[in-house]
Amino acid sequence: MTVEQGPNGARIARETAPPQGGRRWIGKRLNRVEDPRFLRGQGRYIDDIKLPGMAHAAVLGSPHAHARIVSIDTRAAERLPGVIAVVTGEDVAARAAPLPSFGAGEIVQDMIATEKVRYHGETVAAVIAEDRYVAEDACELIDVVYEPLPVVLDPFTAREDGAPLVHEALGSNTAYERTFTFGAVDDAFAAAPRSVRARLRWPRSTGMPMDTNGAIGDYDAGTGVVTIHANSMNFTYFLWLLAATLKIPASKLRLVPVGAGGSFGSKFFMHKVPALAGLLSMIAGRPVKYVEDRTAHILSNDHAGSDRHYDAALAFDDDGTFRALRIDCVDDYGAYLQFGTGTHGNALSQVVGPYRIQHVEYSLAAVLTNKNQQGAYRGFGAEVSNWVLERLVDLAARELDVDRVEIRRRNLIGADEFPYRTPTGNIYDSGNYQGVLEQVLEAVDYPHWVAERDRARAEGRHVGIGVVASNERSVFSSTEFWFWFDEPDFTPTSSPESASLQIDPTGRIVVTLHSQAQWGNSPETVVSQVVAEEFDVEPDSVLVTYADSQHALPGTGPGGSRFTVMVAGAVAGASSTLKQKIRRIAADKLEANEDDLEFRNGAVGVIGTPDAELSLADVAMTAYMFRLDLPPDMESGLSAQSTYDHPLTTLPSGDRSDLGIFYPFVGHAWHIAVVEVDPETGKVDFLRYAAVHDAGTVVNPQSLDGQIIGGTVQGLGTALYEQYLYDDQGRVRNASFEHYHLPSSMDVPRITVGHQETPSPYTAYGIKGAGEGGRMLTPAILSAAIEDALQPYGVTITTLPITAEQIVAWTTA
Amino acid sequence: MSTAAGQRVTVHLEVNGLWREAVVEPRRTLADLLREDLDLTGTHLACETGVCGNCNVLLDGESVRACLMFAVQAEGRSLLTVEGLAADDGTLGDLQQAFHDHHGLQCGFCTPAMLLTAHEHLREHPDGGTDEQIREAISGVLCRCTGYEQIIASIRAAAEAGP
Ligand code: FES
Ligand code: FES
């Protein structure tokens with residue numbers, strides 16, 4: 001054991017030696033096995049793939065946010081040499097069903113709009129051509145006559161009587177409305193001597209991966225099988241939904257996963273692009289590639305982030321003890337509702353953050369407007385909720401005139417209180433929140449920076465400090481998508497992940513994964529390290545491959561910081577079966593007792609007897625080729641598979657006063673930022689930025705650091721720059737990288753990262769998810785730090801992004 | 001812009017030390033020439049409007065946006081793409097190895113352009129220069145995954161390891 005005792009009993013060093021003899025590979029800072037192909041330019045992203053006879057598609061998007069389609073004349077486009085077909089909504093309606101949805105009801109979405117368009121950029125036609133240039137030329141020749149309709153862009157206006165309806169069949173723009181109450185909220189507010197209340201605004205931004213969404217459809221008319229190569233195939237076990245859209249038997253849909261150049265949520269259950277590529281291929285009778293260009297990705301990829309208006313309040317005692325939280329949110333979902341209100345279900349998993357708050361009320365109105373629909377973005381709604389909570393906590397500290405660290409410390413859930421049941425019913429499995437706080441304070445020498453800030457302030461400089469916390473729930477069950485409804489239509493409770501292990505006759509281990517897993521995370525490295533741990537082989541000797549959906553076991557893919565936890569569980573399960581078989585074969589051959597065998601250096605041998613061992617290759621050759629050497633009841637071959645289900649989830653209660661356990665493996669983090677703001681230009685400079693995260697057992701500290709830093713910088717974009725802007729007709733004004741500013745290398749601080757490890761008692765090896773944590777803190781910390789820096793101006797930050805123009809407006813007001 | 005059907009021109013250029021030839025439409029971009037005609041798909045397109053720098057290649061040693069140039073503009077010139085950075089047997093070059101050792105990539109999409117841009121920077125500043133100079137050198141290449149920290153560390157490490 002190399003575990004050191006930190007402040008408050010925190011375990012600061014990695015757990016390299018757990019009780020049963022030590023870990024050799026999990027926790028090691030290894031280079032990623034995925035890297036070499038990317039470094040050589042051999043990543044094989046979707047647009048790099050060419051199939052024989054492949055045609056290319058381009059799509060035409062609507063220039064209007066809300067308009068009736070009067071007519072579409074495709075004749076000129078069809079006449080252009082090289083054009084194979086022009087496809088409109090009518091053609092689609094004749095051949096395909098609407099797109100899958102997890103929360104639609106009357107809200108029907110087609111691959112290509114029919115009758116009317118509901119947002120700027122909605123697809124109205126697609127062209128299949130010999131070449132992408134020709135397909136784009138042909139799009140310009142399509143003549144669409146629109147009758148513009150009044151637009152509704154603001155969710156409050158959308159809720160008024162007489163507002164234009166986005167979906168007439170629904171009869172209202174309020175798609176969904178509900179208040180959840182946990183505990184005695186009114187009483188707690190009435191009894192508490194103090195409270196703060198704020199109206200907060202989180203604007204629409206997006207994951208914006210460098211690689212857009214794309215797919216290649218490949219229809220085989222002979223067998224009727226539709227093969228779709230796509231850079232997402234999350235939810236292997238939900239693909240029957242996509243088959244239903246294409247009106248083919250699920251057995252005849254074959255999705256081939258293609259690694260993606262980033263997702264951040266934007267490829268989470270990506271449905272529209274694969275469905276379209278599949279259908280276009282069925283129409284053309286040959287392979288068709290459709291890859292979004294940047295404009296199409298911005299305008300019509302479904303997956304932009306939350307767009308929320310809050311009225312939120314926190315009640316507390318004079319000594320700063322938090323009592324109750326009230327959140328009222330109007331969420332501008334845009335024109336469709338693919339994930340239903342799941343992004344608020346997600347927020348409810350950790351709505352009280354790391355604090356002991358007993359009473360919570362959460363109201364949501366999910367409103368439809370003439371904007372692109374929301375989807376997933378790193379944090380899936382919980383990052384927004386964390387910003388709201390941390391803003392209220394800062395306001396409470398100001399109200400009481402107490403230190404912002406002190407008020408947080410006073411309310412933290414204690415290390416001895418786990419597993420901790422939150423008011424909504426979700427539990428936090430384990431943690432040492434005080435320990436993480438002390439580590440981050442020490443990492444930056446907090447008192448030093450407080451003194452520096454005060455000194456700078458005395459000189460008239462605008463230096464500010466932010467200190468914020470966040471929990472990071474990981475590994476969703478599926479109930480957050482439907483517990484909103486009293487009588488949901490469909491109540492899935494599965495979100496499994498699978499792994500198959502095979503040892504080939506030469507002793508090499510091949511692992512097959514069963515969902516789209518390569519989005520820039522490190523699935524192959526994680527799996528190799530876990531396999532190495534189980535069999536004591538070199539991680540880079542392990543080959544990781546991906547099954548296509550016809551061969552896949554149930555899988556859910558990355559998202560909700562679930563993949564590392566779940567795939568480790570699946571690999572552990574398959575390993576255990578396989579090791580059992582190896583032990584039996586080896587015990588027979590070595591004339592030893594199975595219990596006396598251990599796995600060591602690519603071999604299996606008798607503990608304490610170095611000479612008595614068989615290499616995995618010897619065992620494998622026997623298993624494949626020498627049937628008569630095997631125990632009589634044993635089958636030939638050396639493979640095993642395992643499907644790992646969510647290890648800890650329960651159903652919500654009928655009356656929804658208890659939502660059950662649905663997101664229980666909860667990491668924890670603190671960030672500290674010191675900024676200096678230039679009141680004349682609004683520029684924010686970073687003097688110090690430190691993060692400490694506890695994600696349970698760390699598999700690979702190097703790739704975990706990458707996730708934390710990358711997430712933190714994405715959150716910085718959300719906090720300072722990113723927001724979709726619309727004109728009064730609902731047209732997106734910044735649908736390009738020129739006008740939608742992503743953080744560049746000049747915009748980001750040096751970030752130092754520290755780790756603690758409080759293993760989860762419920763997961764394989766004690767791992768917790770960690771892919772979203774960084775982005776859960778930056779919006780809150782930059783709000784806090786900039787507000788502190790602008791203290792002389794009495795600014796309260798309630799709206800993101802905090803642009804330079806906004807800062808200048810405050811300082812010159 | 002639409003070109004008369006059938007109009008084609010022949011382009012000759014040196015790519016990673018080999019002279020190559022392709023017959024293309026005059027409007028074909030350099031990026032599409034590389035990706036579609038020469039099957040060098042390591043040059044990636046993320047915006048096609050000259051902003052993200054993910055398509056950067058080195059033309060006579062200078063970084064250029066391959067999405068903004070027409071293929072015909074590269075006639076007779078010499079190009080280095082990511083495919084030219086490793087040894088013929090695939091062994092990573094020093095800069096590539098430094099990115100591998102310091103986790104300078106996640107999804108790998110921006111990586112070819114980052115490597116080439118860093119390559120250009122290190123030629124001009126063999127000692128790596130200051131961190132500020134490294135930041136500035138790569139500021140024209142957008143990465144959405146890494147937050148740049150580990151990319152900067154990789155370039156610094158490559159400089160310290162020396163040529
Ligand atoms: S693809 Fe060339 S600059 Fe973005
Ligand atoms: S590594 Fe993914 S964009 Fe840079």
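The values are calculated or read from the model by the stated rules, or taken from the named source; none is laboratory data. Owing to the predicted nature of the structure, the values given are computational and were not obtained by experimental measurement. All Cβ positions, glycine included, derive from the backbone under ideal geometry; neighbour counts span all protein chains shown. For accessibility, only protein heavy atoms count, side chains too; no ligands or nucleic acids. Shrake-Rupley method; radii C 1.70, N 1.55, O 1.52, S 1.80 Å.
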Review point. With B:67, B:52 as the choices, which residue is open to solvent by 10 Å² or more (accessible area, probe 1.4 Å), part of a loop (DSSP other than H, G, I, E, B), closer than 30 Å to residue A:517 by Cβ and within 15 Å of ligand 1 (Cβ to nearest atom)?
Key: B:67
Check your understanding: Within segment B:77-91, can one find any residue that is open to solvent by 10 Å² or more (accessible area, probe 1.4 Å), within 16 Å of ligand 1 (Cβ to nearest atom) and assigned by TED's automatic domain parsing to the domain that holds residue B:22?
Key -> no
Revision key, fill the gap. Here the residues within segment A:369-412 that are assigned to a loop (DSSP other than H, G, I, E, B), in contact with a helix residue (DSSP H, G or I) (Cβ under 6 Å, 6 or more places away or on another chain) and not charged (D, E, K, R) are A:369, A:379, A:380, A:381
Check your understanding: Only one of (1) among the aliphatic types (A, V, I, L, M); (2) open to solvent by less than 20 Å² (accessible area, probe 1.4 Å); (3) in a strand (DSSP E or B) fails for residue A:256. Which number is that?
Key -> (2)
Review point. Has segment B:98-110 got any residue that is away from every other protein chain (no Cβ under 11 Å) and more than 15 Å from ligand 2 (Cβ to nearest atom)?
Key: no
Practice item. Evaluate segment A:261-275: report whether one residue or more is away from chain B (no Cβ under 14 Å), more than 21 Å from the chain's Cα centre (by Cα) and away from ligand 2 (no atom under 16 Å from the Cβ). Key: yes
Review point. Looking only at segment B:133-152, which residues are small (Gly, Ala, Ser) and either near ligand 2 (Cβ under 10 Å from one of its atoms) or within 7 Å of chain A (Cβ to nearest Cβ) (or both)?
Key: B:139, B:147
**Study point:** Contacts under 8 angstrom Cβ, first residue in segment A:560-578 being on the phi > 0 side of the Ramachandran plot and outside the structural domain of residue A:697 (by TED's automatic domain parsing), partner at pLDDT below 95 and open to solvent by 10 Å² or more (accessible area, probe 1.4 Å), 6 or more apart
**Key:** A:560/A:380; A:560/A:772; A:561/A:770; A:561/A:771; A:561/A:772
Review point. Applying the selection to segment B:46-63, what residues are within 13 Å of ligand 2 (Cβ to nearest atom) and either of a type in the set (Gly, Ala, Ser) or out of contact with any strand residue (DSSP E or B) (no Cβ under 8 Å at 6 or more places or on another chain) (or both)?
Key: B:46, B:47, B:52, B:53, B:54
Check your understanding: Out of all the residues in segment B:26-35, which are within 11 Å of chain A (Cβ to nearest Cβ) and either surrounded by fewer than 19 Cβ atoms within 10 Å (Cβ to Cβ) or hydroxyl-bearing (Ser, Thr, Tyr) (or both)?
Key -> B:27, B:29
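More than 8 Å from chain A (Cβ to nearest Cβ), out of contact with any Lys or Arg (no Cβ under 7 Å at 6 or more places or on another chain) and of a type in the set (S, T, N, Q): is that true of residue B:130 in this structure?
Considered against the rule, which asks whether it is more than 8 Å from chain A (Cβ to nearest Cβ), out of contact with any Lys or Arg (no Cβ under 7 Å at 6 or more places or on another chain) and of a type in the set (S, T, N, Q), residue B:130 comes out as yes.
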Exercise for review: Keeping to segment A:485-504, report how many residues are closer than 24 Å to residue A:578 by Cβ, surrounded by fewer than 24 Cβ atoms within 10 Å (Cβ to Cβ) and not small (Gly, Ala, Ser).
Suggested key: 3
Practice item. Answer with yes or no whether residue A:342 is of a type outside the set (Ser, Thr, Tyr) and either within 16 Å of ligand 2 (Cβ to nearest atom) or on the phi > 0 side of the Ramachandran plot (or both). Key: no
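Only one of A:685, A:678 is away from chain B (no Cβ under 14 Å) and open to solvent by 30 Å² or more (accessible area, probe 1.4 Å). Can you tell me which?
Result: A:678 is the single residue among A:685, A:678 that is away from chain B (no Cβ under 14 Å) and open to solvent by 30 Å² or more (accessible area, probe 1.4 Å).
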Review point. Would a scan of segment B:154-161 turn up a residue that is part of a helix (DSSP H, G or I) and within 8 Å of another protein chain (Cβ to nearest Cβ)?
Key: no
Check your understanding: Can you find even one residue in segment B:76-83 that is at positive phi and out of contact with any strand residue (DSSP E or B) (no Cβ under 8 Å at 6 or more places or on another chain)?
Key -> no
Review point. Condition test on residue B:43, is it surrounded by fewer than 20 Cβ atoms within 10 Å (Cβ to Cβ) and polar (S, T, N, Q)?
Key: no
Point to revise | Odd one out for residue A:540, checked against (1) at pLDDT 95 or above; (2) open to solvent by 30 Å² or more (accessible area, probe 1.4 Å); (3) over 30 Å from residue A:394 (Cβ atoms); (4) acidic (Asp, Glu) | key: (1)
Check your understanding: Got a sec? Which strands (runs of 3 or more DSSP E) wholly within segment A:141-207 have at least 2 residues that are small (Gly, Ala, Ser)?
Key -> A:194-202
